Amino acid sequence: MQADNQQKKSDDNKERAPQVLNIADIGDEAVGGKATGLAKLHALGLSVPSAFVIVNAEIDCFPPSLEQHYQQIGCAKVAVRSSAIGEDSAEASFAGQYETILNVEGMADLRNAINQCVASLESNRAQAYQHDQSDLGHFSTDQTGSGEIAMCVVVQQMVDARSAGVLFTADPVSGRHDRLIIDAISGLGESLVSGESTPDHYELDQNNNLISQDLIEQKALLKETELHALTSAARTAEKHIGEPLDMEWAIDQSGELFWLQARPITTLGSDLNELDTLIPADQVITRCNVGEMMPGAVPPLTFTVQGRAIENGMQHMMVSYGGRPAINEEWSQINLFFGHMFINISGGLESARYVSINTAETIAQSLCGRPVPELQEPPNKAPLWRRWWGSFEFFRYTMRAPRIIRDFERRLKHFHMKYYDNSSEMIAELEEKFDWLCEACFVHLQSSAGAGVMEGIVQAIVSKGKHPASTEEQAEAARLLAGAEEVESAVLVDHLDEVVDLIARHPEAKTAFQEASSTEALAWLRSKKSGAARLRFADFLQHHGHRSYRELCLREKAWIDEPEKLIITMQASVAARFQSAYQAKKAASVNLQQLPWLMRLVLPKAHYSVRQREHTKSLMVETTHRIKRAYYHLGYLLKEEGVLKDEDLVFFLTKDELPILATQTNTDWNTKAELRRQALSFHENMEFDDVYVGNPEPIQWHLLDTHNERELAGRPVSRGVVEGKARVAITVQEAASLQPGEILVAPITDVGWTPYFSLIAGLATDVGSAVSHGAVIAREYGLPCIVNLRTATKAIKTGDLIRLDADKGLLTLLESQA
């Protein structure tokens, strides 16, 4: 037995002894990322400098054939590079952690360079990186079965480079798989990799067309033919290797291209356009309106559940009065691009064929708050009598809304989700209850249609039929609409203010609530120590706990399930109560008796329609809240059953994928979902203009290109003029820094922002309309508000002194903080 063990140990030592392989001879051996990448490029017929790899390299232990292989590649200058097992993988690049030594010449220097590479395996930086990646689950330190990491070393002929650089077959910064990036510098590429040199930068599309270039000198380093050679070879490598690649290259003095390295791009995520909907190139789409309902990017489950429900609701409208024969599985009204939802205006404009009051202009105004020149009237309209009938059907559709709402609200009281202990039954339950979400969207859109009509009538009376209305007339119409009482979103703010006022009056408010962590503040508020505030807060959650920031997104928990997010906003409100600058705000009421007779007749009906729309929005959110709770439970079940690694991954699968999780075992659902989650982090950094024709492109923002770069024009929705310091908040979390009297500048606001309205002096948003959440609450508070400014969050910085003129719809930069 002892002899057998000694023999096995001797065999293991022989197997792990350093040996040399030519790049062309590498097969399934574990030779590390760099050597494997070079072998794959060589096998594809791409030009790779002559090279060999030392497998299981050790300090001062050199293979007998080392000098022979060095002679075979010319005995000239070589690059000696680490190729540790696990290095340059898709999960961890190890970039810069191990050594690379250039311009090595002669056997003595070669041996020293090999020793340096092996020794770098034990460097402090490499050890720390290994530990971090192991903690993240990206890297196992037990690569050899002995708890050790094997180091291989690539010895590669140096290229006398005229230019060199890196190429990414997908953009690692934006995450876009439809972009190819090339960075190039003169001479060797090491100064580029180390960050010592600034390169020429080239960006190409999926058809290898040059989109943009940023050159260091007037003349580009790369010729058009060289760009073509680089992109062509890189596309070939990506196609055969099967994943996006990070590649290093060099062009020698004679103009020949060599490939020095290829490795997967780490932390890239899935294709950002994986779930994009297909639309004709002439379709006009917008982020307006839907960007208010669903701000920012959404995970796949939200789009395929909530997006489908909204799509069905809009199709239901078209069936009711717009000549559509039936609801189907098309995405004709709602589209997804780069994880962001858009409304297809062209799809909605199809109703203009059958409804006389629907035109390109009226639909553009209702969705975008402005004319959309790109939107053209549809051809082949139905006869006039048919379009008149369609208009009659539309008004009948809006008039039926109150009865439909009452019926749905009555039945919703009895709607509940059943919870199961296994995922298959839970998925079936969610499929069965999906129709409730669709119906909630039907009801809300039906009530919104009526509200839109009434608000249009109010504006027409103010402007005396003039079209389009001036900004002053729009502002006056907004003031009149602000008189609506018992609007649910405004009532929510009033109720929350009552809680905040009770907290602020408590002697322990500052230490126990305002200055405490959100968790500690919540615990205090729920304890008897907080007095009456405890009961009022519980009552608030009972009535409004289903609401939240991004409340229609299935991944976002409601306030009742994650109250800490609400507490953070309340802490800011309590802090404001302690400052002398704070003043409670309330819009002035409208005196009907002072209005013309026609407005006295119409305005109460318009107020009723506003209340109705906000109420059905709350019903839709309540339905969504119950559905999203069930999906959270499903995520828990899938994790417990070992199907998913964590509960959150359920939101990165689609509605149609969930029923087949158990049957399609050949699909790595965890990897698919995790890559989509990584993609969402890229989606969240993207911004879009409000209108596009065809597929949208994320925009690169710059300061205003207008006659007056210090002035922005938008739509006034709540009158007044205010000057003050700007607070730019892209997310509701950033709004926690608001100080009393500041003017809030945000992309858009939803109900999650409402606690801050008691602090601010005015509101400016990039998108929105007269019926946006921010517009409604601003009017309730008597705050000047301008929406649809498009670039306010880019043109204005926190601390800038600005004037918000909501009588004229102008936001002016008075004094820059920069």
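Observations, loosely collected:
- Two-site label geometry, Glu256 and Glu190: point separation in nm, points 7 Å out along Cα→Cβ: 2.2 nm
- Cα gyration tensor, the range 287-387 - rounded (a/c under 1.5), prolate or oblate: oblate
- Peptide ranges 422-435, 204-217, 53-66, 449-462 listed from the most packed, as the mean C-beta count within 10 angstrom indicates: 449-462, 53-66, 422-435, 204-217
- Accessible area expressed per residue, the range 522-568, with surrounding protein chains retained (probe 1.4 Å, Å²): 42 Å²
- Placing dummy labels 7 Å off each Cα toward the beta-carbon, the span from Ile216 to Glu815 is 4.2 nm.
- By accessible area, using a 1.4 Å probe on protein heavy atoms only, the range 713-764 has 50% of its surface on carbon and sulfur.
- Within the chain, helix-based [θ] at 222 nm, where runs of 4 or more DSSP H residues each add -39,500 (n - 2.57), nearest 500: -12500 deg cm²/dmol
- Ranked by the mean number of other Cβ atoms within 10 Å per residue, highest first, peptides 756-762, 511-517, 648-654 order as 756-762, 648-654, 511-517.
- The C-alpha atoms of the chain define a longest principal axis, and helix 597-640 lies at about 30 degrees to it.
- Angle between the chain longest axis and helix 488-505 axis [Cα atoms, degrees, rounded to 10]: 80 degrees
- Gyration tensor verdict on the chain (Cα atoms; rounded if a/c is under 1.5, prolate if a/b is larger than b/c, oblate otherwise): prolate
- Here the extension length gained between Thr266 and Leu278 equals 1.5 nm, from 0.36 nm per residue of separation less the Cα-Cα distance.
- Positive minus negative residues near Ala538 (Lys, Arg vs Asp, Glu; Cβ under 13 Å): +2
- Here the extension length gained between Ile699 and His240 equals 162.0 nm, from 0.36 nm per residue of separation less the Cα-Cα distance.
- Normalised per residue, the accessible area of the range 709-818 is 29 Å², obtained with a 1.4 Å probe and no contribution from ligands, DNA or RNA.
- Within straight-line cross-link reach of Lys528, lysines at Cα separation under 18 Å, skipping those fewer than 8 residues along the same chain: Lys510
- Counting only protein heavy atoms and a probe of 1.4 Å, the accessible surface of the range 216-343 is 52% carbon and sulfur.
- Solvent-accessible heavy-atom area per residue, rounded to whole Å², over the range 276-350 at 1.4 Å: 26 Å²
- A simple spin-label model places pseudo-atoms 7 Å from Cα toward Cβ; at His414 and Glu377 they are separated by 4.9 nm.
- Between 0 and 90°, nearest 10: helix 563-577 axis offset from the chain longest Cα axis: 60 degrees
- Apolar share of the accessible surface for the range 522-622: 55 percent from carbon plus sulfur atoms, 1.4 Å probe.
The values are calculated or read from the model by the stated rules, or taken from the named source; none is laboratory data. All figures in this text were calculated on a predicted structure; none of them were measured in a lab. Every residue, glycine as well, gets a Cβ built from its backbone with ideal geometry; the counts of neighbours run over all protein chains shown. Just the protein is used for accessible areas: all its heavy atoms, side chains included, with ligands, DNA and RNA removed. Shrake-Rupley method; radii C 1.70, N 1.55, O 1.52, S 1.80 Å.
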